[in-house]
Amino acid sequence: MSVALRHTWYMTQRQLTAVVRQPAFMVITLIQPVIWLFLFGALFRRVVELPGFGGSYLDYLVPGVVVMSALSSAMWAGMSTLDEIERGTLNRFLTTPVSRGALLNANVVQQAVSTAVQSVVILLLGLAGGADYPGGAGGLAVLVLASVLLAVVTGAVSNTIGVLARQRESIIALNTFLLLPLTFVSSAFMKPELMPGWMRHAVDYNPVDWALVMSRSALAGDPDWGLVLGRGGLLLAAGVVAVWVSGRTFRAYQRSV
């Protein structure tokens, strides 16, 4: 286990180095969250006047933007895996003593680290825009953790698709198909109480909403730690299953080369 963890960290450093060497990519990944935060915040600011909403819409929106950014970024993890396969890099690593789990899991860890940094930047932008975080540092830490857990789930699933499909078009089509439904069938932009009945039931099974409920419960002035632990446990379990499935898929790929 210690060898696997050490190898995973070495491979993660390799992934992070590639990201750092592309500063333009890092800037671009933050442009979209900024648009969501301030454009949607201005566009829907009067939503709080609906009965049963109340409060500041920016306060409500910040966790939604953090979680949606984690989802949209991690969805493309499979593209990096596919690049490694197409360039032959992954096959060359298979001839080395490196842990096989590290080859795939490093991509997920890199997504988690990048998501944490991205989440902190969005929280700072929200604070600059006037958002209030009654839960303090503890609530903010839970929000970052929730976004990281969601990124692990999504990144592992994306890796699985990349290894199975081995086609960019498949990953692009699936991501395009899933991003908006997963986001809007959640409480990212609207409280569940104000949604149609079928949507209120659907959000309970949406991992995106698990991250949102976990985050907003921790950020409240009087945190509901039962909800935090409950939704966090669901996300953690989903992450373990997703990573296990991606590992099994990778072993099947390894036997095929």
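The values are calculated or read from the model by the stated rules, or taken from the named source; none is laboratory data. Note that the structure is predicted; figures quoted are calculated from it, not measured. Ideal geometry is used to build each Cβ from the backbone, glycine not excepted, and the neighbour counts take in all protein chains shown. Each accessible area value is taken on the protein alone, full model and side chains, heavy atoms only, with ligands, DNA and RNA left out. Shrake-Rupley method; radii C 1.70, N 1.55, O 1.52, S 1.80 Å.
Scanning region 10-38 for residues that are open to solvent by 60 Å² or more (accessible area, probe 1.4 Å), under 25 Å from Leu94 (Cα atoms) and in contact (Cβ under 8 Å) with a residue 40 or more places away in the chain yields Tyr10, Arg14. Regarding Leu174, is this residue among the hydrophobic types (A, V, I, L, M, F, W, C) and closer than 27 Å to Ala42 by Cβ? Judged against the criteria, Leu174 is not a match.
Taking (1) touching a residue at least 40 places away in the same chain (Cβ under 8 Å); (2) assigned to a helix (DSSP H, G or I); (3) crowded, with 16+ Cβ neighbours inside 10 Å in turn, Leu164 satisfies each apart from (3).
Every residue, every condition in (1) within 23 Å of Arg166 (Cα to Cα); (2) under 16 Å from the mean Cα position of the chain (by Cα); (3) not hydrophobic (A, V, I, L, M, F, W, C), yes or no:
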{"residue": "Leu50", "(1), (2), (3)": "no, no, no"}
{"residue": "Tyr60", "(1), (2), (3)": "no, no, yes"}
{"residue": "Pro63", "(1), (2), (3)": "no, yes, yes"}
{"residue": "Val66", "(1), (2), (3)": "no, yes, no"}
{"residue": "Ser69", "(1), (2), (3)": "no, yes, yes"}
{"residue": "Ser72", "(1), (2), (3)": "yes, yes, yes"}
{"residue": "Glu84", "(1), (2), (3)": "yes, no, yes"}
{"residue": "Thr89", "(1), (2), (3)": "yes, no, yes"}
{"residue": "Val98", "(1), (2), (3)": "yes, no, no"}
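Within region 43-56, the set of residues being exposed (fewer than 12 other Cβ atoms within 10 Å of the Cβ) and either at pLDDT 80 or above or touching a Leu at 6+ places or on another chain (Cβ under 9 Å) (or both) comprises Leu43, Arg46, Glu49, Pro51, Gly52, Gly55.
Looking at this structure, is Ala102 among the small types (Gly, Ala, Ser) and crowded, with 17+ Cβ neighbours inside 10 Å? Here the answer is yes, as Ala102 does meet what is asked.
Every listed requirement among (1) more than 29 Å from Arg46 (Cβ to Cβ); (2) hydrophobic (A, V, I, L, M, F, W, C); (3) modelled with pLDDT under 90 is met by Val157 save one, (3). Of the residues contained in region 129-145, one or more are found to be of a type in the set (D, E, K, R), touching a Leu at 6+ places or on another chain (Cβ under 9 Å) and modelled with pLDDT of 90 or more. Restricting attention to region 75-127, the residues that are touching a helix residue (DSSP H, G or I) at 6+ places or on another chain (Cβ under 6 Å) and of a type in the set (D, E, K, R) add up to 1. Listed by position, the helices (runs of 4 or more DSSP H) inside region 178-257 whose residues that are modelled with pLDDT of 90 or more, closer than 30 Å to Leu103 by Cβ and open to solvent by less than 70 Å² (accessible area, probe 1.4 Å) number at least 2 are 207-219, 225-256.
Val108 meets the conditions (1) aliphatic (A, V, I, L, M); (2) modelled with pLDDT of 85 or more; (3) out of contact with any Ser or Thr (no Cβ under 8 Å at 6 or more places or on another chain); (4) open to solvent by less than 80 Å² (accessible area, probe 1.4 Å) in every case but one. The failed one is (3).
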